[in-house]
1. Six or more apart or on different chains, Cβ atoms under 8 Å: show the pairs whose first residue is in the stretch 72-91 and open to solvent by 60 Å² or more (accessible area, probe 1.4 Å) and whose second is of a type in the set (A, V, I, L, M) and assigned to a helix (DSSP H, G or I).
2. Taking the condition of being within 22 Å of VAL42 (Cβ to Cβ), free of Cβ contacts under 8 Å to residues at least 40 places away in the same chain, out of contact with any Gly (no Cβ under 7 Å at 6 or more places or on another chain) and open to solvent by less than 100 Å² (accessible area, probe 1.4 Å), how many residues in the stretch 92-133 meet it?
3. Going through the stretch 34-73 one residue at a time, which ones are of a type in the set (Gly, Ala, Ser) and part of a loop (DSSP other than H, G, I, E, B)?
4. Report every pair of residues separated by at least 6 positions or lying on different chains whose Cβ atoms are under 9 Å apart, first residue within the stretch 5-28 and assigned to a helix (DSSP H, G or I), second modelled with pLDDT under 75 and of a type in the set (Asp, Glu).
5. Which is in contact with a strand residue (DSSP E or B) (Cβ under 9 Å, 6 or more places away or on another chain), at pLDDT 90 or above and surrounded by fewer than 15 Cβ atoms within 10 Å (Cβ to Cβ), of LYS19, LYS57, LYS29, LYS44?
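The values are calculated or read from the model by the stated rules, or taken from the named source; none is laboratory data. A quick note: this is a predicted structure, and the numbers were derived from the prediction, not measured. Neighbour counts run over all protein chains shown; Cβ positions are idealised from the backbone, glycine included. In case anyone asks, the SASA skips ligands and DNA or RNA and just uses the protein heavy atoms, side chains included. Shrake-Rupley method; radii C 1.70, N 1.55, O 1.52, S 1.80 Å.
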Amino acid sequence: MDNLTKERRSRIMSKVNTKNTTPELIIRKYLFSHGFRYRVNVRKLPGSPDIVLSKYKTVIFVNGCFWHGHSCRAGRKPQSNKSYWDKKIGDNIIRDHKNIEKLIMLKWKVIVVWQCEINTQVKRKERLEKLINEIKLQ
């Protein structure tokens, strides 16, 4: 059961960033420091990917585990207002899959980095090194 009023919960949720999140900034800083140049949130591409590396014809989505329905601990849905969250997150998952399919049809390589993959220093180092390899592989 949610112990906040509906208005308070709404106010809190409205402040959740959709762009320039901490995980995005971490990844962008790492890529830039390794010589990659990119554009962010390119609206001409399906799903407006978080990071676009045109030289490598690669897009990167940096997904929050909760909002995109990841199967990790951080991706658990709330127990209150269950039908709302099931629909909301389910719709996000469907939209994500459609956008990825469209990008693949346009011959873009799609990489998804989950928030939980970079939430500790050890995981972050490992995932970011793997990301570099994923980008460079054609």
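1. Every condition considered, the pairs that remain are LYS77/ILE89.
2. 2
3. Result: GLY35, GLY47, SER48, GLY64, GLY69, SER71.
4. Sorted first by the residue in the stretch 5-28, then by its partner, the pairs are ARG9/ASP2.
5. That would be LYS57, the only listed residue that is in contact with a strand residue (DSSP E or B) (Cβ under 9 Å, 6 or more places away or on another chain), at pLDDT 90 or above and surrounded by fewer than 15 Cβ atoms within 10 Å (Cβ to Cβ).
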